[in-house]
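What follows is a short report on a single structure.
The values are calculated or read from the model by the stated rules, or taken from the named source; none is laboratory data. In this text, all values refer to a predicted model and were calculated from it rather than measured experimentally. A quick note on method: Cβ atoms are made from the backbone with ideal geometry, for glycine too, and the neighbour counts reach across all protein chains shown. Just the protein is used for accessible areas: all its heavy atoms, side chains included, with ligands, DNA and RNA removed. Shrake-Rupley method; radii C 1.70, N 1.55, O 1.52, S 1.80 Å.
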Amino acid sequence: MSAFRKRGSVLVVLYYVWSVHVLFGYNVSREEQYDLSLNRKWTIQNSNGSLSLPADVPGCVHSALLKQGFIKDLYFRFNDVAYRWIALDNWTYTTTFSASTELRAKQRVQLVFEGVDTVASISLNGVVVGKTDNMFRRYDFSVGQLLREGQNVVKVNLLSPVVYASERSRAHSSYRVPPDCPPPVQKGECHVNFIRKAQSSFSWDWGPSFPTTGLWKGVHLEAFDVLRLIHLSTVPVYNSSLSQWVVKVEVLVDAVEETKVEFNLSLMEMSTEQSFTVLFPSGQSKNTLSLHVSTSNPVKLWWPSGHGEQHSYHLSVRGTMLEGAAILRTDTQVYFRTVELVQEPIAGSPGLSFYFRVNKKPIFLKGSNWIPAHALQDLVSPADVRNLLQSSVDANMNALRVWGGGVYEQDLFYSLCDEMGIMIWQDFMFACAMYPTDPDFIETVREEVGQQVRRLKSHPSVIVWSGNNENEAALATDWFGIPVAQQPRYHRDYVTLYVDNIRAVVQKEDGSRPFLVSSPTNGAESQQEGWVAHDPYDAHYGDTHYYSYSHDCWDWTALPRTRFASEYGFQSWPSFSTLQKVSVSEDWSYGSNFSSHRQHHQTGNQQILQQAGLHYQLPDSADPLKRYKDTLYITQVMQAQCVKVQTEFYRRSQSEVIEGKGHTMGALYWQLNDIWQGPSWSSIEFGGKWKMLHYFAKDFFSPVLPVGFEDQGNLVVYAVSDLSHDLHLRTVVSVYEWSSLDPVCTVASGLVLVEGGSAEVIHKQPITALLAGCGGGSCTRLTCLLTFHLEDVNSQQGPINHLFLSSPKNAQGMLRPNISAEVQQDETGRYTVALKSSAVAAFVWLDVGDVPGRFSTNGFLMTTRNRTVTFNPWGPTSSQQLTRALTVTSLRDVY
């Protein structure tokens, strides 16, 4: 997504080791490790001392000011601009702790910061122990000699990220590193490419500028006499020549002196156990142990959601000194799966394929793009993460792309993706910019990448690394107006950063999954062209980002028949109940200052209505509040239908090549979630409420899907199947008049073989012939519409789909449906909404305001007199509350 084109002593310690959930149990012995947490209340102070207040660690200055009442809701109205001063100041975090005799007696004591945001000088008892310059790194500082009896004082002096970035930019005087600033519509800060923090924190076209400062991850002391385990990772690799799995167990340790350790690795469920003797030199070192899995039992594999189970195995790791003293015990989960990115010639097509093969099975990736769930990462709760990921799976998604302008997500995110079967396309955190290649910048980036790869490579959900978001495209198509004579310099910098350093570090740390230098990219072809392709959007190669807001989104012929669609989408506004929390009544019009302020995409509000106006009557109520609410609704109708058309096009293109293009094997729309309450490309609003698009996604990502469209006057219906087995399917097409709930006629095709993992044409018929032979020929394109579904010999397969034969704004006979709704709670405790309609109703939308939860379906076409929808609440509610809150809107109700 571009911001510029569109945008004490212990016996047992529970310890979180740099990313992997592990349980450490230390025996009572002289080798035991102490871990003293400094996650607590600290004190923060601004540069002139006028503000001093308690602050939680982990946390940030903004959240501390918020919790202590110094500022109000950051997202309320225009507060993103009003609170700009916070990021322009320097801040100091201070805490004290008592160092016991036992702690001070340890051979080594390390002060560990899991995450500092961002540029800081750290001191203990008045002595500077180190500096930080990268939000995405863990920092360890040796402090044993500085500890004293009684109270010890830790200070973290943080510089303004905005001022620091500006100063770094000015210091880089030999040549410009664009872009300097975001577009004015984003109301952001400048030179974010000069600081290693979340690039979107200085603003983006879907979010505010809140350049956070603080200790955003944990702080603790690690004390030991022999060695400490810094990190453990497990990467299963399949040896095809031996037909055997090997688990690569990597241990990164810090030893006081040369130490010999006897390791015992055990996968008891697989009858596998091995011992290793490792000699660790003094200091930090890494060793990889290869555990050969017994072939006596078949290995149960990890599969993406919809393709199988997410099996895991318990790995036990024990380390003892040669004299028998235990120095570490850890247990973790191991998942077995293979992944390949297949780029090979395709018969009848120039270029190369681009698809992922998991456990030797080609997988069509269905999903979206993930952005930071809040501008303040410490306010992203585990429940928030789980809800968003569960919403993804519930919408039949199997993949998400963690976009490169945010953060490497928290450990829980990846663990839940492992459990849920969500594949992750993992960007490194570089987006929509050129970057400096000064030695200190390269050095911190290399450490960042190494740490993050070590942290994440044990997760089977991570299937591909990608170096950046859109920077190849920015360079190739000259987003920043770089003079031709200077372009080779930027090309060299690009290769230096992403190939010579990031790619090199990734390949050293992890050879088990593919690496792409950018997205979009031509992949192998980009590499052949020196890593920057002449046209990174070439549909014959790699992945594509495609946006077009002025062209009619229903016109599928203008869409790129790409190998893989990793970004595409349209904006909409969130629901009124979501906006109401951060606005006042004077803001509740589409032309208000608030509506303009919240829109960070140039001319975005106008583009939304222009696109909607191509096919729908725009709201015209005389009541300003109703007109505003109806406008919010129509933006979601437009977005849902537009993304539906595009996604269905990509899904039906997976098995064919037309004019040399096709074999599309991925559809990841932009974007899944929101960072605040405002207009964006998201399908889930800030707070977790599903937009209409997300309900549509549940259908258009269905494992079995009928896709219907018009091609040169013909109705063409494809059957799309993600299943592993073949089906015999027929199409059932029903013709309805807008004015009647009784079908004019129904036509069924013969059974057609649809192979698993394919898209097949299953029905083709001239629309004029269909209408002429239906109900005495009374139907026209203006008076009638089509629904269709798939059946095998026993039952319906997949959802019912629809095709409008004309724009709804031109439809004749469309009546107000006068839909009534009755909320009940059945004997199982489920809440149901019984709907009754007097006419065909398009885009029927049920909304219960602030009541958290979701419906079983929404935004649907109602062609029956009665329909029952269930509501799944996310908290306590009642039939009475739902009845009071419920509103039902259809397309004909807004004009």
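Some points to look at:
- Residue match in region 729-742 (condition: in a loop (DSSP other than H, G, I, E, B), over 25 Å from Ser392 (Cβ atoms) and open to solvent by less than 20 Å² (accessible area, probe 1.4 Å)): yes
- Residue in region 792-807 that is open to solvent by less than 10 Å² (accessible area, probe 1.4 Å) and over 30 Å from Pro852 (Cα atoms) present: no
This table checks each residue for (1) within 15 Å of Thr887 (Cα to Cα); (2) charged (D, E, K, R); (3) in contact with a Gly (Cβ under 8 Å, 6 or more places away or on another chain); (4) crowded, with 19+ Cβ neighbours inside 10 Å.
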| site | (1), (2), (3), (4) |
| --- | --- |
| Gly813 | no, no, no, no |
| Ser820 | yes, no, no, no |
| Lys836 | yes, yes, no, no |
| Ala842 | no, no, no, yes |
| Val848 | yes, no, no, yes |
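- Of the residues making up region 686-700, those that are buried (at least 24 other Cβ atoms within 10 Å of the Cβ) and within 18 Å of the chain's Cα centre (by Cα) are Lys691, Leu693, His694, Ala697.
- Of the criteria (1) of a type in the set (S, T, N, Q); (2) open to solvent by 10 Å² or more (accessible area, probe 1.4 Å); (3) within 30 Å of Asp493 (Cα to Cα), which one Ser381 fails: (3)
- The residues listed here are Val317, Val256; of these, the one that is over 36 Å from the mean Cα position of the chain (by Cα) and closer than 16 Å to Leu229 by Cα is Val256.
- Options Thr557, Thr544: the member that is touching a strand residue (DSSP E or B) at 6+ places or on another chain (Cβ under 9 Å) and surrounded by 20 or more Cβ atoms within 10 Å (Cβ to Cβ): Thr544
- Test: residue in region 755-771 that is in a loop (DSSP other than H, G, I, E, B) and open to solvent by less than 20 Å² (accessible area, probe 1.4 Å): no
- Within region 776-829, the set of residues being of a type in the set (A, V, I, L, M, F, W, C) and part of a strand (DSSP E or B) comprises Cys784, Leu785, Leu786, Phe788, Leu790, Ile800, Leu803, Phe804, Ala821, Val823.
- So Arg455, is it closer than 25 Å to Ser683 by Cα, basic (Lys, Arg) and open to solvent by less than 10 Å² (accessible area, probe 1.4 Å): no
- Flag if Arg503 is of a type in the set (Lys, Arg) and within 29 Å of Lys366 (Cα to Cα): yes
- Qualifying position, being more than 30 Å from Leu723 (Cα to Cα), open to solvent by less than 10 Å² (accessible area, probe 1.4 Å) and in a strand (DSSP E or B), among Leu291, Leu252: Leu291
- Subset tally (residues that are open to solvent by less than 10 Å² (accessible area, probe 1.4 Å) and either under 20 Å from the mean Cα position of the chain (by Cα) or on the phi > 0 side of the Ramachandran plot (or both)) for region 183-195: 0
- Only a single criterion out of (1) among the hydrophobic types (A, V, I, L, M, F, W, C); (2) open to solvent by less than 30 Å² (accessible area, probe 1.4 Å); (3) within 31 Å of the chain's Cα centre (by Cα) is not satisfied by Leu53, namely (3).
- For region 856-870, a residue qualifies if it is within 17 Å of Tyr695 (Cα to Cα) and open to solvent by 10 Å² or more (accessible area, probe 1.4 Å), and the qualifying residues are Ser856, Thr857, Phe860, Leu861, Arg867, Thr868, Thr870.
- Test: residue in region 349-362 that is basic (Lys, Arg) and open to solvent by less than 20 Å² (accessible area, probe 1.4 Å): no
- Subset of region 830-839 (residues that are touching a Ser or Thr at 6+ places or on another chain (Cβ under 6 Å) and in a strand (DSSP E or B)): Thr832, Ala834, Lys836
- The conditions of being among the aliphatic types (A, V, I, L, M), within 30 Å of Arg854 (Cβ to Cβ) and crowded, with 22+ Cβ neighbours inside 10 Å are not met by Leu715.
- As a summary of the residue check, Phe336 satisfies the conditions (1) closer than 27 Å to Met423 by Cβ; (2) in contact with a Leu (Cβ under 6 Å, 6 or more places away or on another chain); (3) in a strand (DSSP E or B); (4) not basic (Lys, Arg) except for the one numbered (3).
- Hits in region 150-167 (condition: at pLDDT 95 or above and more than 30 Å from the chain's Cα centre (by Cα)): Gln151, Asn152, Val153, Val154, Lys155, Val156, Asn157, Glu167
- Entirely in region 65-169, the helices (runs of 4 or more DSSP H) that have 3 or more residues that are open to solvent by 30 Å² or more (accessible area, probe 1.4 Å): 101-104
- Residue count for region 708-726, restricted to those that are more than 19 Å from Phe804 (Cα to Cα) and either part of a loop (DSSP other than H, G, I, E, B) or touching a His at 6+ places or on another chain (Cβ under 7 Å) (or both): 5.
- Enumeration of residues in region 255-288 that are of a type in the set (Asp, Glu) and surrounded by 13 or more Cβ atoms within 10 Å (Cβ to Cβ): Glu262, Glu269, Glu273
- Restricted to region 433-552, the set of helices (runs of 4 or more DSSP H) holding at least 3 residues that are among the basic types (Lys, Arg), at pLDDT below 95 and closer than 22 Å to Met135 by Cα is empty.
- Subset of region 495-507 [within 25 Å of the chain's Cα centre (by Cα) and under 13 Å from Ser518 (Cβ atoms)]: Leu497, Tyr498, Val499, Ile502, Arg503
- Residues within region 231-245 that are out of contact with any Gly (no Cβ under 9 Å at 6 or more places or on another chain) and either open to solvent by 10 Å² or more (accessible area, probe 1.4 Å) or within 30 Å of Val192 (Cβ to Cβ) (or both), tallied: 10
- Test for Asp438: is it within 26 Å of Cys190 (Cβ to Cβ) and either buried (at least 19 other Cβ atoms within 10 Å of the Cβ) or under 16 Å from the mean Cα position of the chain (by Cα) (or both): no
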